[in-house]
Amino acid sequence: MKVLNSRTGEIEDFSPLHGNKVYMYVCGPTTYDYSHIGHARTYIAYDVIARYLRYKGYNVFFLMNITDVDDKIIDRARREGVDPLELARKFEKYFFEDLNALGINSINYFARASEYIPEIIDLIRCLMGRGYAYETETGIFFSVEKFPHYGELSKRKPEELTVHRVTPDSTKRNPADFAIWKKRESSDEIGWDSPWGYGRPGWHIEDAAIIMSHFGAQLDLHGGAIELIFPHHEAEVALAEAATGVRPFSKYWVHTGLLTVSGVKMSKSLGNFITIREALSRVDAEALRLYFLMSHYRSPIDFDWSKLNQAKSSLEYLYGVLEQVANTLTTNQVTEDEKTLLERIINLKSQFIAAMDDDFNTPEAVARLFDIAGEVNKFLNIQNALSGQAKNQILSTFRELGKILGILQKELEKAEEIPLRDLIQLIIDIRSELRMNKQYGLADKIREKLKKLGIIIEDTAAGTRWKSVSSQQSG
RNA sequence: GCCCGGGUGGCCGAGCGGCUAGGCGGCGGGCUGCAGACCCGCUCCACAGGGGUUCAAAUCCCCUCCCGGGCUCCA
């Protein structure tokens, strides 16, 4: 299995530090507002990565932080006149609801920054002890020049970091130094007591402290969106490696591409965002997942509703094939053609796996899924029957591969319930007799009535087929 | 200004030295009592432009243009 490692810029063989155990961490949200589909894109990408690693037999521990102490939370809480942590909890709850709705279920543990204050303080103490951090009247800062590898991850030279969007704190020795503890007036706002007085942690240190307290000095895979590579991930590396002296902090760094709208980054601060809720009110979660997975995780996606609808049509096609397989007559005979079909499917399945092994190439993997569907369709177009064994193998292949991507997991609903299936078959048989006797009026009436019940009748050269619309509907 | 990514057919989107990507849409045909679904074919040298390297370039090198991201708020 190969992964493009942002740290080295190379495609590398994936081999975890400790046997088949994978310690994986992804930067989670700052819970001050609803999550948007840009976040969804990133979290879906890592959900699929974690699912796939597990599929390959790795024992993955997937850790994610929740930033619940932050300027934006404090600002919004102040405006709304509520407690900052209460506000953070409220949006955290919505975040979990969104993850659930998106089918993101691979994360083992969520770590709130506010619950790691002692660990953060310990880390700061350690960094000061080793001479990497210094105190001023406004806070504790990490000294970038003391860490010779600063800039390696994001491929930046410290001397080039001279443009600043925000005026640097004047007490810093070097404008590139970053705050790891912000001193605050105790009466003023949320904070904790520390050896350097009342205050709260800086942005980057929470991730380093959380990771180190769960995984130790090193982890296998660290992920996040590309926008975080500098300064956030660069700072995390500096903090952790300075504190432990162990390099590299993360063996693999993985970065996802951003989601844009009309070519502009979707972000809360720009106000051009579509919440996960809004997207899911219009289209099924699996369609959204498929839309994102039809691009590589590193490629930028320029969001457009019409493109999302394309993915929705694609998903419906796949479900249509599943329905056809489930509703095809079952025979005892295994024909030669059927054996050929099953061989092709096995071959395509291994191509799917090969694509996933190649830096999680989901577009390629999805293409192979469509190839399987095409093969099955071609077969059913000629023969309207399958052996029970073939049916099971086809359906389980779709389910198994779909599960890696988090799609094709919906029940085929009534189609799989045998008594109803037999009943529908009976009606179809009667209708076929009517058609043979050219009693089309009555035959059409049956078709119309069944359609109203959500059952679609299709007359083909190989016989009459049916499917239920309910299982294809997107919610 | 500096540092990263990108620019692929009607739309989306893989590929990253030679070998069919795939999807969506459109058109034509097959199958049909009709409808839909499905199948087959087509959608003109698809690779931003210009130079090079090579037997061979979308893929490697150089230059130019355009777009996005980062430069201490961000998934």
Over 29 Å between Cα atoms: which of A:LYS56/A:LYS378; A:LYS93/A:LYS182; A:LYS146/A:LYS268; A:LYS2/A:LYS72 fall into that group? A:LYS56/A:LYS378; A:LYS146/A:LYS268; A:LYS2/A:LYS72
Against the longest alpha carbon principal axis of chain A, how many degrees, from 0 to 90 and to the nearest 10, is the axis of helix A:362-382 turned? 10
Could you pull out every residue, at least 5 positions away or on a different chain, whose amide H is within less than 5 Å of the one on A:HIS255? Hs are placed 1.01 Å off N in the peptide plane, and Pro or chain starts have none. A:SER6
Over chain A: helical MRE at 222 nm, DSSP H runs n ≥ 4 each giving -39500 (n - 2.57), nearest 500: -15000 deg cm²/dmol
Nearest 10, in degrees from 0 to 90: the angle of helix A:84-101 to the longest Cα principal axis of chain A is 30
How large are Rg and Dmax for the stretch A:312-468 when calculated on the C-alpha trace, in angstrom? 17.1, 59
Based on the alpha-carbon gyration tensor of the stretch A:98-184 and its eigenvalue square roots a ≥ b ≥ c, which shape applies: rounded if a/c is under 1.5, prolate if not and a/b is larger than b/c, or oblate? prolate
For the stretch A:312-468, give the magnitude of the charge dipole about the Cα centre (Cβ charges: +1 Lys/Arg, -1 Asp/Glu; no others), in debye to the nearest 20. 720
Cross-link partners among lysines for A:LYS449, C-alpha distance below 16 Å, same-chain residues fewer than 8 apart left out? A:LYS467
Using the Cα atoms of chain A to build a convex hull, what is its mean projected area in square nanometres? 26.3
If only Cα atoms are counted, what is the Rg of the stretch A:2-282, and what is its Dmax, in Å? 18.6, 54
Residue-ordered couplings for the stretch A:2-15, obtained by feeding phi - 60° into the Karplus form 6.51 cos²θ - 1.76 cosθ + 1.60 and rounding to whole Hz (Gly and Pro as x), are 10, 9, 7, 9, 4, 5, 9, x, 10, 7, 10, 5, 7, 8
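Throughout, read-outs are computed from the coordinates displayed, never taken from laboratory work. Not measured: the values here are computed from a predicted model. No Cβ is skipped: glycine too gets one built from the backbone with ideal geometry, and neighbour counts run over all protein chains shown.
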